[in-house]
Amino acid sequence: MALLSGAVTLDHGPVFCIQMNIVLIGFTSCGKSAAGQRLAQDMGLTFLDLDDEIEDLSEARTGARRRCREIYREEGADGFRSLETDALIQVSSRDNVILATGGGAPVAAANQTILARFGTCVYLRAAAQTILARMQDKGMPAFIAADPTIENLTRVMNERDAVYAQVADHTIDTDERSPEAVAKAIGDRLGI
């Protein structure tokens, strides 16, 4: 969603100021953060990772710095998702942002509404084999750590795919693409 916010007239004519937010959604390890950082750099926008915002909000509330995996393990899925929604509400007041969400953020109906109002949603999609290989490099997220098999991963991905597709304005495949190539594909798709 690009919102025309006003115009300034210079000697050579009007220059329009555009306010734009882009939300990157998709499964864990699909490339949201890496591509989002590159896209923000290319566009001169601010990059925000919702996981960082969750950790900051948790620290502000508890006084202790915890990673998202710790929050999830200690507070459970419901506690984590509640904190995630609160962080998303805080972020939604910002403009000119590239936001990388967590993989589960679009699943909650309240979050879907926030994301749709906040900006253009781009679903970054990757195959289960690609996701599993990236997870093995980074570490397994808490929600799949008990059964880190391709079958379990595929099951969870299939459950979320319909939600991602419903929320997304655009879909970009990230398999065998560098973060730079994904950022370029997003820019090309959005005409920016």
Using only the alpha-carbon atoms of the stretch 23-190 as identical scatterers, what base-10 log of I(q)/I(0) does the Debye formula give at q = 0.12, 0.13, 0.15, 0.16 Å⁻¹? -0.50, -0.60, -0.81, -0.93
Under 5 Å, built H, 5+ apart or other chain: amide partners of Val23: Leu99, Thr120, Cys121, Val122
Rounded to the nearest 0.05, what FRET efficiency is calculated for Ile89 and Lys138 with R0 set to 22 Å and r the Cβ-Cβ distance? 0.20
Gaussian network model of the chain, Cα within-10 Å springs - most flexible of Cys121, Cys30, Cys68: Cys68
DSSP loop (so not H, G, I, E, B), at most 10 other Cβ within 10 Å: list which chymotrypsin sites (Phe, Trp or Tyr not before Pro) in the stretch 36-81 pass both filters. none
Förster radius 22 Å - calculated FRET efficiency between Asp173 and Ile150 (Cβ-Cβ, nearest 0.05): 0.75
C-alpha long axis of helix 150-167 to longest principal axis of the chain, angle in °: 30
Rg (one decimal) and Dmax (whole number) from the Cα set of the stretch 124-183, in Å, equal 12.3, 33
Computed E for Glu70/Asn158 - FRET, C-beta separation, R0 25 angstrom, nearest 0.05: 0.35
Mind sorting Met157, Met135 by how few other Cβ atoms lie within 10 Å of their own Cβ, fewest first? Met135, Met157
Using only Cα atoms, locate the centre of the stretch 108-176 and the centre of the stretch 49-82, then give the distance between them in Å, rounded to an integer. 19
Hey, in the GNM for the chain with a 10 angstrom Cα cutoff, which one of Ile172, Ile25, Ile54 fluctuates hardest? Ile172
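Bear in mind that the values in this text are calculations on the coordinates, not laboratory data. Treat the numbers as computed from the prediction; the structure is a model and nothing was measured. No Cβ is skipped: glycine too gets one built from the backbone with ideal geometry, and neighbour counts run over all protein chains shown.
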